[in-house]
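The values are calculated or read from the model by the stated rules, or taken from the named source; none is laboratory data. Only a predicted model underlies this, so the values are computations on that prediction, with no experimental measurement involved. A quick note on method: Cβ atoms are made from the backbone with ideal geometry, for glycine too, and the neighbour counts reach across all protein chains shown. Each accessible area value is taken on the protein alone, full model and side chains, heavy atoms only, with ligands, DNA and RNA left out. Shrake-Rupley method; radii C 1.70, N 1.55, O 1.52, S 1.80 Å.
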Amino acid sequence: MNHLEVPAAYPCAFCDYLSGARPFTVLHREELAAVLVTREQRGPSHLLVITTRHAPTVLDINDMESDAVMRLVRKVAHAIDQVEKRPGISIWQNNGVDAHQAIPHFHIHVAGTIDGGGTEWDSVHELSIEETEAIAERLRPELQV
């Protein structure tokens, strides 16, 4: 048992996205990990690499999931680099309410940097599924999984 307080957000949005219960763009899916195109783009091609099994935080994933997730993080970072041609790629991950985790399902953010550096931390416009599908189509040829 870990001591992190996770957000109370059930049913889990990511589990719903993976099951198809709620529409969302799934760029890629494997047995242990998947890649989602978030509707809140905080940088060019902002993606989420998640475990397919519900695990609230990094303290709840196993070694095989960790390996699968990190392999996909590297692959999507490469795809973002090739497609977006940004001078930087931001990668971040939050665990627990105090770390500003919003959805209680382990995930890593990967995004190209915005002009001026970093990523957008203010409010961002929520994209439509059609818009996130277009991002997925741009990245898919470069994903090379």
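Under the classification rounded if a/c is under 1.5, otherwise prolate if a/b is larger than b/c and oblate if not, where does the stretch 58-132 fall, given a ≥ b ≥ c as square roots of the Cα gyration tensor eigenvalues? Here the stretch 58-132 falls in the oblate category. Using a Gaussian network model of the chain in which every pair of alpha carbons under 10 angstrom is joined by a spring, one finds that among V124, V73, V37 the greatest mean-square fluctuation is at V124.
Within the stretch 57-145, the chymotrypsin sites (Phe, Trp or Tyr not before Pro) that combine a DSSP coil assignment with at most 11 other C-beta atoms in a 10 angstrom radius are W121.
Result for the chain in a Gaussian network model with C-alpha springs under 10 Å: among G116, G96, G88, the largest mean-square fluctuation is at G116. Only protein heavy atoms count here; under a 1.4 Å probe, H100 has an accessible surface of about 150 Å². Taking all Cα pairs closer than 8 Å and separated by 6 or more residues, the relative contact order of the stretch 91-145 comes to 23 percent. Values [x] 11, 38, 32, 17, 3; [y] 12, 43, 38, 8, 0; [z] 9, 38, 40, 12, 0 are given for comparison; P(r) over Cα pairs in 10 Å bins from 0, in percent, derived from the coordinates here, is the one labelled [y].
The trypsin sites (Lys or Arg not before Pro) of the stretch 65-115 that DSSP puts in a loop, and whose beta carbon has at most 12 other beta carbons within 10 Å, are K85. Exposure check, 1.4 Å probe, all protein chains in place: M64 carries approximately 130 Å² of accessible surface.
In the chain, the longest principal axis of the Cα atoms and the axis of helix 129-143 are about 80 degrees apart.
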